[in-house]
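The values are calculated or read from the model by the stated rules, or taken from the named source; none is laboratory data. Not measured: the values here are computed from a predicted model. Methodologically, a virtual Cβ is constructed for each residue, glycine included, from the backbone with ideal geometry; neighbour enumeration extends over all protein chains shown.
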Amino acid sequence: MKENFKTFGNIHFFKWIPQIDLLGNPKTRAFITHGGMNSVIEASVSGVPIIGIPIYADQYVNTAVAVKRGYGIRILKKDVNKKSLTKALQAILSVSNSSNFYIKNVDLAKRFLPNRSDELVRNIKRWTREVVEFGTMEHLNLIARDYSTIKYYNIDVICSVIFISLFLFILASCLLIIFLRLFCNNRSSLSNLPDREKIE
């Protein structure tokens with residue numbers, strides 16, 4: 001794949017790069033993403049409009065929200081081609097930041113979303129001090145870590161509830177059938193009696 005882009009000096013390949021650092025770079029003007037929740041939030045916090053290409057699950061909703069809020073463009077997977085990508089990039093990049101519809105809206109979203117970097121640093125410092133002072137803190141370990149898969153996901157409880165519900169449903173159905181048969185038999189017996197016997 002790299003060979004196809006050798007003539008382009010502005011295309012760079014990396015095996016991996018911290019996404020938040022990439023979005024935080026002032027040169028990043030647009031972000032093409034599948035539209036996962038973390039990606040959309042990180043782009044919004046960094047003030048970068050997105051071009052979302054959802055693949056599955058919540059990505060369709062996340063990119064739809066970005067479109068509705070005006071800080072993203074959505075392209076369905078079946079519609080991805082040179083024309084659709086060029087049009088989306090031009091919509092975000094062709095106008096200056098001061099008058100760009102998408103930049104304005106993502107800046108608005110950025111102001112509403114808190115930057116949690118300071119909070120994360122404080123938490124890291126706090127827990128580092130705790131570990132240094134107290135060592136391994138067994139009381140913070142979750143009891144559930146030693147559970148079996150069946151117990152952890154309550155599979156035994158779920159199966160019991162399903163079994164009991166199924167049993168009650170079958171029992172109710174059988175009782176209803178018995179009641180209907182008795183009712184129908186009584187009616188047929190009455191209809192077979194002579195008129196005089198019915199009156200008496």
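Overview of values
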| quantity | calculated |
| --- | --- |
| Residue satisfying condition, being at positive phi and in contact with a strand residue (DSSP E or B) (Cβ under 6 Å, 6 or more places away or on another chain), within set Gly35, Gly72 | Gly35 |
| Flag if Ile55 is free of Cβ contacts under 8 Å to residues at least 24 places away in the same chain and closer than 24 Å to Pro18 by Cβ | yes |
| Any pair with Cβ under 9 angstrom, 6 or more apart, that starts in region 62-89 at a residue that is under 20 Å from Phe112 (Cβ atoms) and modelled with pLDDT of 90 or more and ends at one that is of a type in the set (Asp, Glu) and part of a loop (DSSP other than H, G, I, E, B) | none |
